[in-house]
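A.B. asks: Handing you a structure now.
FYI, it's all coordinate maths here, none of it is from the lab. Computed from a predicted structure; not experimentally measured. Please note: Cβ atoms are built from the backbone with ideal geometry, for glycine as well, and neighbour counts cover all protein chains shown.
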Amino acid sequence: MESKPSPSTLIDQLVVPGDVILDLSIMTSQTIKLGGGLRQDGDTISVMKAGTLRFTKPNKYWVESSNKRYIPNAGDNVLGVVVDTKPENFILDIKGPALAHLPVLSFEGGTRRNIPKFEVGTLLYVRVVSANTGMNPELSCMDANGKAGEYGILKEGYMFESSTGLARQLLSSPPHLVLEALGKKLSFEIAVGINGRFWVNASQSSTVILVGNAIQKSESLSMVQQKIYLDKLLKSIQ
Amino acid sequence: MEQRVANSLVMTVNEKRFIESALLSDIRVDGRRPFDYRTLTIRFGSEDGSSEVQLGQTQVVGFVTGQLVQPYRDRPNEGTFAIYTEFSPMADPSFEPGRPGDSAIELGRIVDRGLRESRAVDTESLCVIAGKLVWAIRIDLHIIDNGGNLVDAANIAALAALSTFTRPECTFGGEDGQELIVNPPDEREPLPLIIHHLPVAVTFGFIGDDNIVVIDPTHYEEAVMGGSMTATLNTNGDVCAIQKAGGAGVLQSSIMQCLRIASVKAGDITSKIKNAVESYNTQKAKRKVKRHNPAPAVSSVAKNHMERLTLGSDESAVGQSNNMDIDGQSNEQDKTNKSKNTAKDLTGGPASWDPYSSAVDGDELRASLASRVATPLEKDKESTQVKPDETKSTQQSTDANSIAEIHETVEVGSQKKQAKTLKDAVKPKHKRKNKSTSKPSAS
């Protein structure tokens, strides 16, 4: 594979393992940050994971792909389900290769006296603090400053599964077409975890089911098809 | 501990409460009503007796195979059948390879009971030599994807596979007429199984404290339901089997209501299975006809393709004609009536050939050919490609090939499409005759 002297040719393109995206011998004293899916091979940066190559200024490169399983990364906001409680941690499932630990004190104003009681099966919106391969990821219900923010328990509603790609689309700005269109007619609240889970709540069960299924279905439709599908759906509600 | 937890389905308390509260307003999580089935798709494999059923996200593949064995001593003139289930680990993280778990065995038992107790498959017709040799039918069900309600999907897969399964015909031959010959499929048409009725399994789930009934539960609903019941019935109104193993207690009136609903659903599913099997059989019959009677009325694209092959294929035409002769002889009985009649009409030679003989209906021929035009070229079979090549090449070759001459004279007075069909049917005989009498300059 020839090395690409100008990396911009491959940005936002589909890349497969083995593609070389940067030739370091040409670039002079620049720091570049590599995200997931990229590896340094001596003088070249090559791709490890199939997906789309992304770049943000000034110097961040990474490969984005959509999977059913999630690989934890520090700083992600995810939806976790409590599967066990220990004296020191809550054990949560975040759809990753290993179960994650949420320390009992990682809540705003958390002390030994007011440890929350979560039963098995509780749904929590948490932040991944650290995730190293081989270790269980660490979670927290506070943001970096120690404030609770929106983290914590999610009551009522229903949790739907999706792929990581759809979750990223739902979190992107401008808002996803489905969310915009549904938000105009219906009122609901939604929490999206980058680990491929999203939670919807509304006053009526039928709204929750409608929103959840519409979002899940929109993943396999193109933009035009989505518009048509949403038009039909919203008409049928009236 | 972590591995075990990761393997089982992780359910939140929100989901359980939501499913129950949504059911109070008669709506389920995937938008269905309590008594709606998911979309059912039945497909068949390339071999007889293999089926693939998709019920929503659940996928099951069924295979039926037969073997000649000794019968059981207490039933010397009945064949046997057995069901084997395999829960593939790719279907669900909780399925482990190796020994079947409880749910796998239960599924096998339900399907088996539905077929055996109700005598849906006629076992006496499977007897070949009483007391010595009978057919043992083996049904293998592979679960490919677990989206809930494996029992119903597996049952439909078994029924579909049994409906399309064919076994070779056994005849007695040899010197003293005592030797058993198992005829291969190309010599004698294999026989289907005799199935008296189709016992269809319908599964109900009871969710919540009020035991609200839902039909065809998804695997999320299965995780929250308090009990389940499977009723196997047929369209004649017979209840073949009922399975309710443990779980919440249910009122008698609820059970009766379930059975009534199940009979309606069984009717739907039976008609779906029958339609799918019928279209599979007509496809099979069409394929068989095409194989021995290729439709040369091909589209213009194909014509160009054929023209390009003209140059090289004349030499090969001779060699292939030999094959066709043999094929023509052995497949006489398989040809449809029209080709048989035309073959007889043509014995006198080209001059006496009458394309408008009473045995041939031109319009019908053209219509049937038109419907088969698109498909012949999609087949990969060497033989079908070879024959059209050959016919086209000889038609379009302008050299002094005697065969070509015959075709040209024939073409003059008849419909082009019709001529090609009958020519093909006849060609082997013509070639044979020409070869034995004179040496045509076929090259």
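A.B. asks: Of A:Lys147/A:Lys184; B:Lys244/B:Lys265; A:Lys68/A:Lys217; A:Lys185/A:Lys217; A:Lys68/A:Lys232; A:Lys184/A:Lys235, which ones are farther than 21 Å apart at the Cα?
C.D. replies: From A:Lys147/A:Lys184; B:Lys244/B:Lys265; A:Lys68/A:Lys217; A:Lys185/A:Lys217; A:Lys68/A:Lys232; A:Lys184/A:Lys235, over 21 Å: A:Lys147/A:Lys184; A:Lys68/A:Lys232.
A.B. asks: Given 10 Å bins starting at zero, what is the percent of C-alpha pairs of the stretch B:179-225 in each, up to the one with the largest pair distance?
C.D. replies: Values per bin, smallest distances first: 20, 24, 13, 14, 16, 11, 1.
A.B. asks: Here's another thing I want to ask about it. How do A:Lys57, A:Lys33 rank when sorted from fewest to most other Cβ atoms within 10 Å of their own Cβ?
C.D. replies: Result, fewest neighbours first: A:Lys57, A:Lys33.
A.B. asks: What percent do you get for the relative contact order of the stretch B:193-234 when only Cα pairs under 8 Å and 6+ apart count?
C.D. replies: On the way: 63 pairs, mean separation 20.2, N = 42.
Answer for the stretch B:193-234 is 48 percent.
A.B. asks: Pick from A:Asn201, A:Asn145, A:Asn77: which residue has the top mean-square fluctuation in a GNM of chain A where Cα pairs under 10 Å get a spring?
C.D. replies: A:Asn145
A.B. asks: Seen from all sides and averaged, what is the projected area of the convex hull of the Cα atoms in the stretch A:13-64, in nm²?
C.D. replies: Here the figure is 3.3 nm², rounded to one decimal.
A.B. asks: Per residue of chain A, what 222 nm ellipticity follows from adding -39500 (n - 2.57) for every DSSP H run with n ≥ 4, rounded to the nearest 500?
C.D. replies: Computed mean residue ellipticity for chain A: -6000 deg cm²/dmol.
A.B. asks: Let me ask another. Which values, in whole Å and largest first, are the semi-axes of the equivalent ellipsoid of the stretch A:82-238 obtained as the square root of 5 times each eigenvalue of the Cα gyration tensor?
C.D. replies: Rounded to whole Å, the semi-axes are 33, 17, 13.
A.B. asks: Another question, if that's okay. So how much slack lies between A:Ala74 and A:Lys227, counting 0.36 nm per residue of separation and subtracting their Cα-Cα distance, in nm?
C.D. replies: The span from A:Ala74 to A:Lys227 would gain 51.6 nm if fully extended.
A.B. asks: Over chain A, what is the relative contact order in percent, taking alpha-carbon pairs closer than 8 angstrom and at least six residues apart?
C.D. replies: With pairs under 8 Å counted, the relative contact order is 14 percent.
A.B. asks: While we're here: Most exposed first by the Cβ proxy, i.e. fewest other Cβ within 10 Å, how do B:Leu40, A:Leu79, A:Leu234 rank?
C.D. replies: Going from least to most buried by this count: A:Leu234, B:Leu40, A:Leu79.
A.B. asks: What length, rounded to one decimal in nm, is gained on full extension from A:Ser187 through to A:Leu105, with 0.36 nm per residue of separation minus their alpha-carbon distance? Don't skip to the end; give the middle numbers.
C.D. replies: On the way: separation 82, 0.36 × 82 = 29.52 nm, distance 3.43 nm.
Length difference between fully extended and current span is 26.1 nm.
A.B. asks: Work out the FRET efficiency for A:Arg113 and B:Val13 from their Cβ-Cβ distance, taking R0 = 22 Å, and round it to the nearest 0.05.
C.D. replies: 0.30
A.B. asks: Next question, about the same structure. Over chain A, with a Gaussian network built from C-alpha contacts below 10 Å, which listed residue (A:Val16, A:Val208, A:Val129) shows the highest mean-square fluctuation?
C.D. replies: Sorting by GNM fluctuation, first place goes to A:Val16.
A.B. asks: Between A:Lys217 and B:Glu179, what is the FRET efficiency for a Förster distance of 56 Å, r being their Cβ-Cβ separation, to the nearest 0.05?
C.D. replies: That pair, A:Lys217 with B:Glu179, gives E of 0.35.
A.B. asks: I would also like to ask the following. If you take each beta carbon of peptide B:65-78 and count the beta carbons of other chains within 10 angstrom, what is the mean? Present the calculation step by step, with values, prior to reporting the outcome.
C.D. replies: On the way: counts 0, 0, 0, 0, 0, 0, 0, 0, 0, 0, 0, 0, 0, 0.
Counting Cβ atoms of other protein chains within 10 Å of each residue's Cβ and averaging gives 0.
A.B. asks: Once the cut-off is 16 Å, how many percent of the Cα-Cα pairs in the stretch B:146-185 end up in the long-distance tail?
C.D. replies: Pairs farther apart than 16 Å: 59 percent.
A.B. asks: Could you pull out every residue, at least 5 positions away or on a different chain, whose amide H is within less than 5 Å of the one on A:Leu99? Hs are placed 1.01 Å off N in the peptide plane, and Pro or chain starts have none.
C.D. replies: Here the answer is none, since no amide H 5 or more places off falls under 5 Å of that of A:Leu99.
A.B. asks: Taking the Cβ of each residue in A:Ser25, B:Ser118, A:Ser130 as the centre, tally the other Cβ atoms inside 10 Å and list the residues starting with the fewest.
C.D. replies: Ranked by crowding around the Cβ, least crowded first: A:Ser25, A:Ser130, B:Ser118.
A.B. asks: Under 14 Å from the 7 Å Cα→Cβ point of A:Asp41, by amide nitrogen: which residues of the stretch A:7-27?
C.D. replies: A:16-24
A.B. asks: Rounded to the nearest angstrom and ordered from largest down, what semi-axes does the equivalent ellipsoid of the stretch A:76-153 get from its C-alpha gyration tensor (root of 5λ)?
C.D. replies: Values: eigenvalues 61, 42, 27 Å².
The equivalent ellipsoid of the stretch A:76-153 has semi-axes of 18, 14, 12 Å.
A.B. asks: Hey, can you grab everything whose amide H is under 5 Å from the amide H of B:Thr235? Only 5+ residues off in sequence or another chain; H modelled, so Pro and N-termini drop out.
C.D. replies: B:Leu198
A.B. asks: Once amide H atoms are placed 1.01 Å from N in the peptide plane, what residues at a sequence separation of 5 or more from B:Ile242, or on another chain, have their amide H within under 5 Å of its amide H?
C.D. replies: It is B:Thr232, by chain and number.
A.B. asks: Per residue of the stretch B:126-134, what does 6.51 cos²θ - 1.76 cosθ + 1.60 with θ = phi - 60° give for ³J(HN,Hα)? Whole Hz please, x for Gly and Pro, Karplus curve as stated.
C.D. replies: Whole-Hz 3J(HN,Hα) from phi for the stretch B:126-134: 8, 7, 9, 10, 4, x, 10, 9, 9.
A.B. asks: Given Cα pairs under 8 Å that are at least 6 residues apart, what percent is the relative contact order of the stretch B:118-240?
C.D. replies: Answer for the stretch B:118-240 is 25 percent.
A.B. asks: Let me test this: with uniform point scatterers at the alpha carbons of the stretch B:58-108, what is the Debye-based log₁₀ I(q)/I(0) at q = 0.14, 0.25, 0.31 1/Å?
C.D. replies: Here log10 of I(q) over I(0) equals -0.53, -1.00, -1.28.
A.B. asks: Test of understanding: what is the full-extension gain from B:Thr171 to B:Lys132, defined as 0.36 nm times their sequence separation minus their Cα-Cα distance?
C.D. replies: Extra length available between B:Thr171 and B:Lys132 comes to 12.5 nm.
A.B. asks: So what are the stretch B:170-299's ellipsoid semi-axes, whole angstrom, largest first, if each one is the square root of 5 times an eigenvalue of the alpha-carbon gyration tensor?
C.D. replies: 46, 21, 13
A.B. asks: Using the beta-carbon distance between B:Arg188 and B:Tyr72 and R0 = 22 Å, what value does 1/(1 + (r/R0)^6) give for FRET efficiency, to the nearest 0.05?
C.D. replies: 0.20
A.B. asks: Size of the stretch A:158-237 along its principal axes in angstrom, Cα-based, largest extent first?
C.D. replies: Principal extents (largest minus smallest coordinate, Cα): 32, 30, 19 Å.
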